[in-house]
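> This is the structure, below, for whatever I ask next.
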Amino acid sequence: MEPVIAIAIGVLSSSGIWLLLRPRTFEVIIGLSLIAYAVNLFIFAMGRLKMGAEPILESDAVANPALFADPLPQGLVLTAIVIGFAMTALFLVVMLATRGFTGTDHVDGREEE
Amino acid sequence: MIIDHLIAAPILIPLFAGAIMLIVDGKRRYFQATIGAISAAALVVVAVMLVVKANVPAGHESSVGVYLLGDWPARFGIVLVLDRLSAMMVLLTAILGFAVLIFSLARCHGVGAHFHPLFQFQLVGLNGAFLTGDLFNLFVFFEVLLAASYGLLLHGSGSARVRAGLHYIAINLAASSLFLIGVSLIYSVTGSLNMADVAGKIPLLAVQDRVLLEAGAAVLGMAFLVKAGMWPLGLWVQKTYAAATPPVAAMFSIMTKVGVYAVLRLWLLMFGEQAGELAGFGNEWLFFGGMATILFGVTGVLASQDLARLAGACVLVSSGILLTSIGIGQAGVTGGALFYLVSSTLSIGAFFLLIELVERGREAGADVLAVTMEAFGGTEDEILDETEDVGFAIPATLAILGSSFVACALLIAGLPPLSGFVAKFALLTSLMNPSGLGGGGTMDVAGWLFFFLVIFSGLAALVAMTRAGIRSFWLSLDREVPRIGVIEMAPVAALLFFCIVLTVQAGPAMRYMQAAARSLHMPQDYITGVLSASHVKGQRGGGAP
């Protein structure tokens, strides 16, 4: 499973970075979103990958943490998703405003000659 | 008991103030302004109390105040930590915030919606970032202050602001991704997000895990350095600051300092002397990156054609000096750097406010015209005639503006007698005497290079400020005397007055900064202080779960 996740993160982040460096605002926002997905997967993977393990310790069971998934990165991912989502929405508004002000979707607000 | 809860107050006061403002109809601007001013004034009072609380005499019990949110023990829950450095930063934020808020009441808060709530949330984010003792919580507070800053930057709208805002947001979103990658890498190695706990675990790390930790710390450092504006990560600074409305730009002068603060806090905590093999990790990067920033900033200072960009370049220079000082890694230099941080934040904040007042009543593009005239020198006779014409009286407004401008120039260039000089003097004295005054020890080549750059940056700032001053006060062709209210002049005067207080009270202030720097360089106190913080239940004796 590790190689699959690693390749997924790599593909997402590399396409994200490429798009981020493009001159159109739409490409930039898609790039930022892809990077955010890659980062979320990355945080999740940092809690170690486990199949079929619960993130909650049962109170009566003898606690062997090795049998359980780490709940903290999952919590972090949730927070990061919410924050990233809000920021993307905000960026979208600014993007539309730029388009309205400058009449172009170039990131610098004017076309290259 | 209430004094224990005081640590959370710098976050809660503006949070509630902002929330109340949002509930009330946004059109009632004066109601919002009143709440905002009360909140900002309360913050100043609280911050002063926190500084007093943090400044316990040496040899006393631990100087670290810990506030356990939700009464969870430090390793598991989120903590707020108060030490000398964070108390000082909170006070600095409060003073700057109060002055800027009063300034904005004159006209700026009217040019767009939701200025006051955004401003309060900005204060929440700043104070939270300074007080938190948890890496992920630091991320959350960074996002709070960034989200508010996006709104504030766009305040007043206009093509230039929206275009600068687009770049600013894109850069900061990318930096936030780096932040998350760094934090999660550090978590994966140490299994903790509590800064003190992470620092305590670093010396115990297995050799094969060190690479991961170094990678995590380096990525995290990149995120902070983007905020701090280190060259080449800080190319956004000048443009953004020049585009923002002046009060917002003044508030932003502490935003780069948040990045510097985070580096200062985390690097000295994680890679201090107790870190074993990892001690001093990344110091060369900070040192040489900081010097490159100074050089870049100095070039900007000399090349800027308008005042706002000049101020932005001064922000870069001050960031560079601070980062280089951290990179040197000596307690004495850090102490001087803290003094410089306070002095430069206040003076650059005042300068941003002053720019708006000076520029008012001048036609747009007057600066470019003046530069052209300097270059060709053809119209000098005309100017002489003009000055003779209006030579009969200097209006009081211009006199006050002019003297404030001179004060700003002295502070930013670091000339005596004001606090900018004291700061640079302290910095360079500790640099030249690594083992205390008269204790011998010599400076290496890199140290001399830094010495030269600090002096040179002061000279460049002086040249640029003199030129700008001549251009905006003496050379103006058809200058109308700007109409300036007391409410606008008072905050500038207050900020400059604080710099004067800092000069007069340099002794106690410097002792405080040196104590702060010493405890930063010996983080054992911080680590044990946080990890052994007793929770309320335990104190009452009935603490069995």
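Taken together, the values in this text are just the output of simple stated rules run on the coordinates, not laboratory data. Just so it is clear, the structure is predicted and the values come from calculations on it, not from any experiment. Ideal geometry is used to build each Cβ from the backbone, glycine not excepted, and the neighbour counts take in all protein chains shown.
> Under the definition of partner shielding as Cβ atoms of other protein chains within 10 Å of a residue Cβ, what is the mean value for peptide A:97-103?
For this peptide, the per-residue mean of nearby foreign Cβ atoms is 4.
> Could you tell me which of B:94, B:24, B:162 has its Cα farthest along the dipole of the stretch B:10-168 towards the positive end, charges placed at Cβ (Lys, Arg +1; Asp, Glu -1), taken about the Cα centre?
Toward the positive end, the furthest listed residue is B:162.
> A further question follows. Give the average, rounded to an integer, of partner chain Cβ atoms located within 10 angstrom of each Cβ in B:157-164.
That works out to 4 on average.
> If you don't mind, there's one more thing I want to ask. Work out, step by step, the length gained on full extension between residue B:452 and residue B:279: first 0.36 nm times the residue separation, then minus their alpha carbon distance; give nm to one decimal.
Result for the pair: 59.5 nm of gain on full extension.
> Quick one: longest stretch of chain B between exposed loop trypsin sites (Lys or Arg not before Pro), exposed meaning at most 12 other C-beta atoms within 10 Å and loop per DSSP?
Result for the longest clean stretch: B:29-482.
> Sticking with this structure for a sec: Just to confirm the filter: which chymotrypsin sites (Phe, Trp or Tyr not before Pro) across the stretch A:79-113 are DSSP coil and have at most 15 other Cβ within 10 angstrom of their Cβ?
none
> Of B:268, A:96, how do they rank once you tally other Cβ atoms within 10 Å and put the fewest first?
Placing the least packed residue first, the sequence is A:96, B:268.
> Roughly what % of Cα-Cα distances in the stretch B:248-370 sit above 21 Å, to the whole percent?
44 percent
> Still on this structure, please answer the following. Restricting to lysine pairs 8 or more places apart or on different chains, what number in the protein assembly as shown have Cα atoms under 24 Å apart?
7
> Here's something else I'd like to know. So if I place +1 on the C-beta of Lys and Arg and -1 on the C-beta of Asp and Glu, and nothing else carries charge, what would the dipole magnitude of chain B be about its Cα centre? I want it in debye, nearest 20.
1300 debye
> Can you pull the one-decimal nm distance between simple spin-label points at residue A:93 and residue B:425, each 7 Å off the Cα toward Cβ?
5.0 nm
> Treat the count of other C-beta atoms within 10 Å as a stand-in for reagent exposure and order B:108, B:408, B:499, B:314 from fewest to most.
Listed from fewest to most nearby Cβ atoms, that is B:108, B:499, B:408, B:314.
> Can you give the angle from 0 to 90° between the axis of helix B:115-131 and the longest principal axis of chain B, with both taken from C-alpha atoms, to the nearest 10?
Here the helix axis deviates by roughly 40 degrees.
> For residue B:66, enumerate residues with amide H under 5 Å from its amide H, sequence gap 5+ or separate chain, H modeled in the peptide plane.
The list, which skips near neighbours in sequence, is B:82.
> Now for a different question. Share of Cα-Cα pairs in the protein assembly as shown beyond 41 Å, in percent?
When all Cα pairs of the protein assembly as shown are counted, 27 percent exceed 41 Å.
> Further, regarding this structure: How large is the Rg to Rh ratio of chain B when both quantities use alpha carbon positions and Rh follows Kirkwood?
Using Cα coordinates only, the ratio equals 0.98.
> I would also like to ask the following. Under 8 Å for C-alpha pairs, at least 6 residues apart: give me the relative contact order for chain B, rounded to a whole percent.
Rounded, it is 17 percent for chain B.
> If you don't mind, there's one more thing I want to ask. Taking 7 Å along the Cα-to-C-beta vector as the label spot, tell me the residue B:52-residue A:111 distance in nanometres, rounded to one decimal.
Taking the simple label geometry, residue B:52 and residue A:111 are separated by 6.6 nm.
> Please report B:448, B:285 as a ranked list, fewest other C-beta atoms within 10 angstrom at the top and most at the bottom.
The order, fewest Cβ neighbours first, is B:448, B:285.
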